[in-house]
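S.K.: Structure in structure tokens, see below.
The values are calculated or read from the model by the stated rules, or taken from the named source; none is laboratory data. Please read all numbers here as calculations on a predicted model, not as lab measurements. Don't worry about glycine lacking a Cβ; one is built from the backbone with ideal geometry, like all the others, and counts go over all protein chains shown.
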Amino acid sequence: MISFNSKDLSPKAQYKLMIGSVIPRPIAFLTTQFENGQINLAPFSFYNIVSHKPAIISISVQRQNGQMKDTASNILKQKEAVIHSVTSSNLDAVNQAAKSLGRGQSELALTGMSLVDSSSIKTPGVAEALTRFEAKLYQHVPILDEQNQIIADLLLLQIVHFHIDKKVYQDGCISAQALEPISRLAGSDYAKIGDVFSLERPQ
């Protein structure tokens, strides 16, 4: 077993060990709205479920040189976002949204996707996504480094409206095989679901 004290590792080295071990990671594709009405689209793999009652998910948005990203800034201002699954059917379009643009610019034209009105919030969603969760900001947790500088924005979002494509909805559940979700690994690597098996918990 190779062991490291985190104090002896650079942030980049720690990142590589974490990003290569905490896998596979689900990917959230978010739409948020600028104050001028333009729509921001961005994928994030620091994403997971926090609670189901209430229905809360977490997304951690890393800052760049101390500057908050558009997604986090929009959520803090508008208090809402729409979260979409990343699947085999939309991966190429989602990847285009990862391109770095100038502050306040929209990635919508790059993706070729179309918008659809939301039911419970103002921010629209992406029509082509197989799942779409309308969400409102529940809590913002600034993450500080050892110099007390904010290096990430942890956003807890409460889902207020669920939209599920009929082809992936089966008896109140989501069919993973029909959804074909894409997960993030390390570097430029992604993965699809492989062998699926069931395992009963001991009584």
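S.K.: Would you check which residues across the range 152-167 are surrounded by 17 or more Cβ atoms within 10 Å (Cβ to Cβ), touching a helix residue (DSSP H, G or I) at 6+ places or on another chain (Cβ under 8 Å) and over 15 Å from VAL82 (Cα atoms) and list them?
M.R.: Scanning the range 152-167 gives a single hit, ASP153.
S.K.: Could you list, ordered by first residue, the pairs with Cβ atoms under 7 Å in which the first is in the range 176-191 and closer than 17 Å to LEU17 by Cα and the second is aromatic (Phe, Trp, Tyr) and modelled with pLDDT of 95 or more, at least 6 apart or interchain?
M.R.: ARG184/TYR190
S.K.: List pairs: first in the range 13-27 and modelled with pLDDT of 95 or more, second in a helix (DSSP H, G or I) and not hydroxyl-bearing (Ser, Thr, Tyr), Cβ under 9 Å, 6+ apart or cross-chain?
M.R.: Qualifying pairs under 9 Å: ARG25/ILE19; ILE27/LEU91; ILE27/VAL94.
S.K.: A further question follows. Between a residue in the range 44-66 that is under 17 Å from PRO26 (Cβ atoms) and any residue that is exposed (fewer than 12 other Cβ atoms within 10 Å of the Cβ), which pairs come within a Cβ distance under 8 Å, given they are 6 or more apart or on different chains?
M.R.: ILE56/ILE49; ILE57/ILE49; SER58/ILE49
S.K.: Just one of the numbered conditions (1) closer than 22 Å to VAL168 by Cβ; (2) surrounded by fewer than 19 Cβ atoms within 10 Å (Cβ to Cβ); (3) among the small types (Gly, Ala, Ser) is not true of GLY66; which one?
M.R.: Going through (1) closer than 22 Å to VAL168 by Cβ; (2) surrounded by fewer than 19 Cβ atoms within 10 Å (Cβ to Cβ); (3) among the small types (Gly, Ala, Ser) one by one, GLY66 breaks only (1).
S.K.: Which one is farthest from THR123 (Cα to Cα), of the residues in the range 28-41 that are free of Cβ contacts under 8 Å to residues at least 60 places away in the same chain and touching a strand residue (DSSP E or B) at 6+ places or on another chain (Cβ under 8 Å)?
M.R.: Applying the first criterion (free of Cβ contacts under 8 Å to residues at least 60 places away in the same chain) to the range 28-41 yields 28, 30, 35, 37.
Filter once more, keeping what is touching a strand residue (DSSP E or B) at 6+ places or on another chain (Cβ under 8 Å): 28, 30.
Details: ALA28: 16, LEU30: 10 Å.
Once the filter is applied, the top-ranked residue is ALA28.
S.K.: For the range 168-187, enumerate the residues that are surrounded by 11 or more Cβ atoms within 10 Å (Cβ to Cβ), assigned to a strand (DSSP E or B) and either hydrophobic (A, V, I, L, M, F, W, C) or in contact with a helix residue (DSSP H, G or I) (Cβ under 6 Å, 6 or more places away or on another chain) (or both).
M.R.: Residues satisfying the conditions are ILE174, ILE182.
S.K.: Inside the range 70-102, can you point out the residues that are in contact with a Lys or Arg (Cβ under 9 Å, 6 or more places away or on another chain), more than 28 Å from GLU180 (Cβ to Cβ) and outside any helix (DSSP H, G or I)?
M.R.: Passing the criteria: only LYS79.
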